[in-house]
């Protein structure tokens, strides 16, 4: 238990939680939500592609050649994980993101780094998009997925990138079906400081870029 004081001088207590345990709980929660909401998300995408009158091979290239459920899970994780840096101090944020990089592929049932790589690609995109206050995180995450599916470069589907109604319906599951996780967590918990933090070997995170002059993980 950690005691803190708010801006008006009130004392309150927060429970401690390790970064590893917090991320485990986070990923399990998001995974459950995506299992429930993915079929609806896939149906919206499928209906839009049918309206585009894609040739069979082109349609199969989108629906059958891509692991859509893993893409959707990655976008759901990234939408929430993009809040970690604003909510936590730099050391805690780095540890939480490292735990996500280490665990998310296993939770997705993959033996490669497809999901973790996409998670940090989307986080990077969301951090850049935060410079534009009118952009919504779920819509920006959807934009990354559509580009991953080559929707923006396929002649029959590229118009979908500017179809706001379609983008709204596709992003609705991310906006409403995936729970807000890190904000409620931060209101109740602080990250327990590891006594051997410097001795812990963390997985190599994806490359970095700079956001607003600060070094950022992507």
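Bear in mind that the values in this text are calculations on the coordinates, not laboratory data. Because the structure is a prediction, the values reported are computed rather than measured. Neighbour counts are summed over all protein chains in view; Cβ atoms, including those assigned to glycine, are modelled from backbone coordinates with ideal geometry.
Given the peptides 57-64, 98-105, arrange them by the average over their residues of other C-beta atoms within 10 Å, most packed first.
Values: 57-64: 13.8, 98-105: 20.8.
So the order, starting with the most tightly packed, is 98-105, 57-64.
Summary of packing: across the peptides 36-47, 16-27, the per-residue average of other C-beta atoms within 10 Å ranks them, highest first, as 16-27, 36-47.
Stretching residue 193 away from residue 152 to a fully extended chain increases their span by 10.3 nm, per 0.36 nm per residue minus the current alpha-carbon distance.
How long are the semi-axes of the equivalent ellipsoid of the stretch 18-132, defined as square roots of 5 times the Cα gyration tensor eigenvalues? Whole Å, largest first. It would help to have the intermediate numbers written out before the result.
Details: eigenvalues 172, 50, 30 Å².
Three semi-axes, in Å: 29, 16, 12.
In terms of Cα atoms, the Rg and Dmax of the stretch 20-217 work out to 17.4, 59 Å.
Quote the relative contact order of the stretch 20-217 in percent (integer), defining contacts as alpha-carbon pairs under 8 Å separated by 6+ residues. This gives 29 percent for the stretch 20-217.
Take the Cβ-Cβ distance between residue 28 and residue 180 as r, set R0 to 22 Å, and report the resulting FRET efficiency rounded to the nearest 0.05.
On the way: r = 16 Å, r/R0 = 0.71.
Rounded to the nearest 0.05, the efficiency is 0.90.
Centre-to-centre, using Cα atoms only, the stretch 165-179 and the stretch 48-74 are separated by 18 Å.
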